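Undergrad: Have a look at this one before I ask anything.
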Amino acid sequence: MDFKDLVQKRRSIRKFTDEPVSEEQLRTILRAALMAPTGHSQRGWHFVVIDDKEKLTALSQCREAGSDFLREAAVAIAVCYDASATDVWVEDASIAAITMQYQITDLGLGSCWCQVRLRSNAAGVSASQTIRQLLGLPDHIEVECVLGIGHPAIERKLQDEDKLNWDCVTR
Ligand SMILES: Cc1cc2nc3c(=O)[nH]c(=O)nc-3n(C[C@H](O)[C@H](O)[C@H](O)COP(=O)(O)O)c2cc1C
């Protein structure tokens with residue numbers, strides 16, 4: 001698949017089969033993240049891999065809504081960053097996350113982004129704090145998002161070329 005087709009194929013997948021993601025696939029996904037660009041080449045990421053079912057269930061409850069799909073994922077990757085290292089950690093972490101999502105699509109797997117930064121659960125506890133506690137991360141490590149990953153249990157349509165909002169572009 002060339003990149004033009006890959007960007008059209010990538011859709012958020014929130015339903016997964018029970019089939020595990022292989023170690024080789026996981027390594028390929030993380031390899032892509034480790035090749036992502038960062039401001040001043042800081043590379044202050046921390047990628048935490050979670051495949052323990054109890055932890056995935058706890059992760060799925062980190063937000064009032066929007067995180068449920070993590071319970072079904074074969075594996076999740078928390079995209080974290082040492083925020084003391086740079087003022088562009090949000091950008092660095094986000095670029096690594098989307099780079100992994102394209103790699104995941106290329107492998108025939110599915111993923112969805114669960115937003116963590118600036119989000120909280122029903123009791124008002126920040127999702128970042130819940131995840132730091134669950135994963136044993138220190139306070140200076142920020143959590144941008146968690147990617148839920150697995151074999152898709154549903155097929156999503158390709159992005160519709162005819163519905164692209166070209167009005168977003170000026171020249
Ligand atoms: C910054 C960001 C935050 C997102 N947060 C969530 C989320 O918390 N939960 C969720 O189910 N999807 C989340 N998504 C996925 C979007 O809902 C999805 O990308 C959008 O609806 C477009 O659909 P598509 O990815 O299939 O093209 C997020 C995506 C981005 C880029």
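Undergrad: Per residue, how large is the accessible surface of region 3-154? Use a 1.4 angstrom probe and give square angstrom.
TA: Heavy-atom accessible area per residue stands at 50 Å².
Undergrad: Of the accessible area of region 3-154, with the probe set at 1.4 angstrom, what percent is carbon plus sulfur?
TA: Here carbon and sulfur together make up 48 percent of the probe-accessible area.
Undergrad: Taking the alpha-carbon distance from Lys15 and a cut-off under 23 Å, which lysines remain once sequence neighbours fewer than 8 residues away in the same chain are dropped?
TA: Lys53, Lys55, Lys157
Undergrad: Which of Asp160, Asp106, Asp139 ends up with the largest GNM mean-square fluctuation for the chain, with Cα atoms connected below 10 Å?
TA: Of the options given, Asp160 has the highest mean-square fluctuation.
Undergrad: Roughly what % of Cα-Cα distances in region 1-64 sit above 13 Å, to the whole percent? Intermediate results must be reported in sequence, preceding the final value.
TA: On the way: 1591 of 2016 pairs.
Roughly 79 percent, rounded to a whole number.
Undergrad: A further question on this structure: Averaged over all directions, how much area does the convex hull of the C-alpha atoms of region 1-135 cover when projected, in nm²?
TA: Quarter of the Cα hull surface area: 8.5 nm².
Undergrad: Can you pull out the GluC sites (Glu not before Pro) in region 7-78 that DSSP calls coil and that have at most 16 other Cβ atoms within 10 Å?
TA: Glu64
Undergrad: Do you know the relative contact order of the chain, to the nearest whole percent, from alpha carbon pairs under 8 angstrom that are 6+ apart?
TA: Taking the mean separation of contacting Cα pairs over the length of the chain, I get 34 percent.
Undergrad: Just to be sure I understand: of the beta bridges DSSP finds with both ends in the chain, what percent are antiparallel, rounded to 5?
TA: Bridges in the chain are about 95 percent antiparallel.
Undergrad: Going by average Cβ density within 10 Å per residue, which order do the peptides 93-101, 73-81 take, highest to lowest?
TA: 73-81, 93-101
Undergrad: Summing -39500 (n - 2.57) over the DSSP H runs of n ≥ 4 in the chain and dividing by its residue number, what mean residue ellipticity at 222 nm do you reach, to the nearest 500 deg cm²/dmol?
TA: Roughly -9500 deg cm²/dmol at 222 nm, from the helical runs in the chain.
The values are calculated or read from the model by the stated rules, or taken from the named source; none is laboratory data. This one's a predicted model, so the numbers in the text were calculated from it and none came from an experiment. Heads up, the Cβs are rebuilt from the backbone with ideal geometry, glycines too, and the neighbour counts pull from every protein chain shown. Remember, those area values only see protein heavy atoms, side chains included, never the ligands or the DNA or RNA. Shrake-Rupley method; radii C 1.70, N 1.55, O 1.52, S 1.80 Å.
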